[in-house]
1. Residues in the stretch 12-37 that are surrounded by 19 or more Cβ atoms within 10 Å (Cβ to Cβ) and among the aliphatic types (A, V, I, L, M): how many?
2. Which residue out of T93, T61 is free of Cβ contacts under 8 Å to residues at least 40 places away in the same chain, in a strand (DSSP E or B), closer than 14 Å to I40 by Cα and under 17 Å from the mean Cα position of the chain (by Cα)?
3. Being at pLDDT 95 or above and of a type outside the set (K, R) is the requirement here; does T67 meet it?
4. What's the total number of residues in the stretch 56-76 that are more than 9 Å from C98 (Cα to Cα) and surrounded by fewer than 18 Cβ atoms within 10 Å (Cβ to Cβ)?
Amino acid sequence: GTLDSAASSPVTALNCANPTVNLRVGNAEYALASEGPISIPSGSSALLTWTSSNATSCNATGAWATTGSKALNNTTSSTQSTGTLVLSGSPYTSTLTCTNGNNGVSASDSVIINIIAPLPWIQTTGGDVHSNVEINTPGGP
């Protein structure tokens, strides 16, 4: 018989490029993302954002609202909260590891979140309530 080249199945090229991952963390209220570390008040949460490329899987460990498999090969950032973090667990580390199963190479990125005791609420004589007010008392008489 003769070989019919049109009938042969195409060969799919495997992506064997090394994976990349970039994990950033920000204050959930203002969504300002950075490489960290950041400090947030006890009882609040941080917002994790990430991008990755050349990955066949991405796995989250540490301080995430849900750990495990995460979105991969995203060109726009994916986001997830850390969930509520408290002082007793500080500092927290969130890690995302992405692997390219075609070449067995992994890449990971971590961010650190420090927890600070919340500053007390202070009521001024005018009746206005302010949060996180720093009071500096002058030294000496």
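The values are calculated or read from the model by the stated rules, or taken from the named source; none is laboratory data. Nothing here was measured: the structure is a model prediction, and the numbers come from that model. Please note: Cβ atoms are built from the backbone with ideal geometry, for glycine as well, and neighbour counts cover all protein chains shown.
1. Qualifying residue count for the region: 4.
2. Within the list T93, T61, the selection yields T93.
3. Criteria met by T67.
4. 12
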